[in-house]
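A short worksheet on the structure shown next.
We did not get these values from a lab; they are worked out from the coordinates using the rules stated. Keep in mind that this is a model prediction, so the values were computed, not measured. So basically every Cβ, Gly included, is an ideal-geometry build from the backbone, and we count neighbours across all protein chains shown.
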Amino acid sequence: MLEKIKFLVKTYTSLILPEGFDWKRVFAQIKAESAFKADAVSPAGAIGLMQIMPSTAREVGFSENELYDPERNIECGIVYLEKMLKIWEKIDNPEERWYFALASYNAGAGNIKAAQRRARKEHLEATDWTCVSQKLWEITGKYAKETINYVARVKRFYFEYKTKEAKDE
């Protein structure tokens, strides 16, 4: 199943996400979201490999039933990630843009924008995830920890995949 997931991630990443976006970023995100369990359903109701809420699926043109199909789940998650990346397209640094997109995927773009406004108001660097994440506590309370840890986990998994690939070459 892992090879099929990898194939689907490579395919949809190249079709949907900006040129040069490393598919291993999405693969790392799936590991963080569901540990590659296609039938995962969270207590909050997020479904599948990319742990997508039914309302989020509808927002990007997918039905709840499609979330139970691993291929459609991956496609939907990547479409939604692309939407999050577009929200943050004014952030010049592609790594930081990705961190903001991941945080938005997890906590909602509105919460991340609110934290960014607080950071800016306090003269912190509003395009630096580390600075903005400090203000997330004021917006989402105890849930900030989940989002901050989520971004860190995806980054760690991505680094592991990237490092392994470099060693294998």
Exercise. Enumerate by residue number the trypsin sites (Lys or Arg not before Pro) in segment 67-107 meeting two conditions: DSSP loop (anything except H, G, I, E, B), and at most 12 other Cβ atoms within 10 Å of the site's Cβ.
Key: Lys90
Exercise. Kindly count the pairs of lysines across segment 92-153 whose alpha carbons are less than 14 Å apart, treating pairs on different chains or eight or more residues apart as eligible.
Key: 4
Quiz item: Which residue, Asp22, Asp92, Asp128, has the most motion in a Gaussian network model of the chain that connects Cα atoms within less than 10 Å?
Solution: Asp92
Quiz item: Which Cα, out of Leu136, Tyr99, His123, lies furthest along the positive dipole direction of segment 92-153 (beta carbon charges, K/R +1, D/E -1)?
Solution: Leu136
Quiz item: Which of the GluC sites (Glu not before Pro) across segment 1-83 are loop residues per DSSP, with 12 or fewer other Cβ within 10 Å?
Solution: Glu19
Quiz item: Which one of Gln134, Gln29, Gln51 has the biggest mean-square fluctuation once the chain is modelled by GNM with Cα springs under 10 Å?
Solution: Gln134
Quiz prompt | Convex hull projection area averaged over all views, the chain, Cα basis, nm² | solution = 9.7
Quiz prompt | Whole-number percent relative contact order across the chain, with pairs defined as alpha carbons under 8 Å at least 6 apart | solution = 19
Quiz prompt | Centre separation in Å (Cα based) which lies between segment 1-28 and segment 38-72 | solution = 17
Quiz item: Please state the relative contact order of segment 96-144 as a whole percent: Cα pairs under 8 Å, 6+ residues apart?
Solution: 32
Quiz prompt | Cα-centred dipole magnitude for the chain, charges only on beta-carbon of K, R (+1) and D, E (-1), debye, nearest 20 | solution = 520
Quiz item: Excluding same-chain residues fewer than 8 positions from Lys167, which lysines have a Cα within less than 21 Å of its Cα?
Solution: Lys6, Lys10, Lys24, Lys31, Lys155
Self-check item: the chain, helix-only ellipticity at 222 nm - DSSP H runs n ≥ 4, -39,500 (n - 2.57), divided by all residues, nearest 500
Solution: -22500 deg cm²/dmol
